[in-house]
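Structure first, then comments.
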């Protein structure tokens with residue numbers, strides 16, 4: 001990790017290892033495609049062999065109350081930001097524009113403000129980002145991730161159609 005100072009601004013530059021990220025995706029059972037860019041990593045994830053969709057659900061739907069109480073990650077449905085992480089999530093779509101139930105796209109930001117903190121006010125390091133990523137991928141498969149508001153990120157599990 002490096003610290004970049006640009007005028008009054010300080011940024012943390014994470015030096016993420018693409019092989020380590022690939023191993024995390026492999027360990028959690030995803031097929032993946034990784035694109036390592038200067039300021040971010042893009043990760044297309046696919047869990048095609050699953051019997052059920054990825055556990056990305058609408059946190060506001062009362063029918064999902066059981067999932068909501070168990071999840072540790074929440075996605076801002078307007079921006080795709082996974083709250084308190086350097087990760088952003090987006091649905092992958094088929095040719096007709098419907099969200100694919102077994103696939104998502106992640107972006108891991110490598111440039112963060114120096115004041116950025118992970119849950120529990122933990123300082124950001126590459127090891128902590130790997131740990132958060134592993135837990136997030138496991139949550140998509142096992143415990144659930146809540147989508148809070150917005151219309152950009154679509155839930156994949158539970159009631160996926162908007163309520164009247």
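The numbers here are math on the coordinates, done by the rules we state, and not lab data. Just so we're clear, the structure is a prediction, and the values are computed from it rather than from any experiment. Neighbour counts run over all protein chains shown; Cβ positions are idealised from the backbone, glycine included.
Let me know the Rg and Dmax you get for the stretch 81-164 when you use only its Cα atoms, in Å.
Taking only Cα atoms of the stretch 81-164, I get Rg and Dmax of 14.4, 44 Å.
Note down the relative contact order for the stretch 50-119 as a percent, whole number, built from C-alpha pairs under 8 angstrom at least six residues apart.
25 percent
If each DSSP helix of 4+ residues adds -39,500 (n - 2.57) and the sum is divided by the residues in the chain, what number results at 222 nm, nearest 500 deg cm²/dmol? Intermediate results must be reported in sequence, preceding the final value.
Values: 3 runs with 29 residues, N = 164.
My calculation for the chain gives -5000 deg cm²/dmol from helical runs alone.
What residues from the stretch 10-50 fall in the zone where the backbone N is under 16 Å from a label point 7 Å along the Cα-to-C-beta line of residue 128?
Of the residues in the stretch 10-50, 11-16 have backbone N under 16 Å from the label point off residue 128.
Return the FRET efficiency for the residue pair residue 72, residue 8: r is the Cβ-Cβ distance, R0 is 35 Å, and the value is rounded to the nearest 0.05.
According to the calculation, E is roughly 0.55.
For Cα pairs less than 8 Å apart in space and 6+ apart in sequence, what is the mean separation divided by the residue count of the stretch 11-64, i.e. the relative contact order in percent?
Relative contact order for the stretch 11-64 comes out at 21 percent.
Can you give the FRET efficiency for residue 117 and residue 31, using 1/(1 + (r/R0)^6), R0 = 35 Å, r = Cβ-Cβ distance, to the nearest 0.05? It would help to have the intermediate numbers written out before the result.
Working: r = 32 Å, r/R0 = 0.92.
E between residue 117 and residue 31, to the nearest 0.05, is 0.60.
Note the full-extension length gain between residue 60 and residue 138 as 0.36 nm times their separation in residues minus their Cα-Cα distance, in nm to one decimal. Working shown, then result.
On the way: separation 78, 0.36 × 78 = 28.08 nm, distance 2.18 nm.
Value of the extension gain: 25.9 nm.
Please determine, in degrees from 0 to 90 and to the nearest 10, the orientation of helix 126-138 with respect to the longest principal axis defined by the Cα atoms of the chain, where the helix direction is its Cα long axis.
Computed tilt is about 0 degrees.
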